Amino acid sequence: MTRAFARNTTHPLRAGLALVFCAAFVTPAICAAAAPPATTVDIKKFAYAPKEITVAPGTKITWTNRDETPHTVTSTDKSFASKGLDTDDKFEHTFASEGNFSYACTLHPFMTGIVHVRKQ
Ligand SMILES: [Cu+2]
């Protein structure tokens, strides 16, 4: 087999194409599978968007304040709490275990959201 390939002048090119294929398609697929799940919630117009979200255990949620007004992400059970988030500030929390986690903005208590964590 090796000799047959050695005589084939297109072989190095094919090997090169195979490497490009692996780099372009195979590696990102492996990386995507290995990366922990993550999702985002925007804070805009004095509301969390989406207001209600369901994720699998181990998911990291990143909230981003899109308003010109400071907001917080503060859970009702105090298991997580951001500082005051200015415009474009982010807050991250990874939800390790299942449950329903309601939260609100301490500055504007009418702003509420909930994260449902359950196996999917
Ligand atoms: Cu607020």
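Give a residue-ordered list of calculated ³J(HN,Hα) values for region 95-104 (Karplus: 6.51 cos²θ - 1.76 cosθ + 1.60, θ = phi - 60°; whole Hz; x for Gly, Pro).
Karplus-based 3J(HN,Hα) across region 95-104 equals 8, 7, 10, 5, x, 10, 10, 8, 8, 8 Hz.
Let me spell out the model: positive unit charges on the Cβ of Lys and Arg, negative unit charges on the Cβ of Asp and Glu, origin at the Cα centre of region 38-117. What dipole size does that give, in debye rounded to 20?
For this selection, approximately 60 debye.
Give me the extension gain from ASP77 to GLU98: residue separation times 0.36 nm, minus the current Cα-Cα distance, reported in nm with one decimal.
Additional length available on full extension: 6.1 nm.
Report, by chain and number, residues whose modeled amide H sits under 5 Å from the one on THR106, excluding near sequence neighbours (fewer than 5 apart, same chain).
Placed amide hydrogens put THR72, THR74 under 5 Å from THR106.
None of the figures in this text is laboratory data; all of them are computed from the coordinates on show. Just so it is clear, the model here is predicted, and its values are computed rather than measured. No Cβ is skipped: glycine too gets one built from the backbone with ideal geometry, and neighbour counts run over all protein chains shown.
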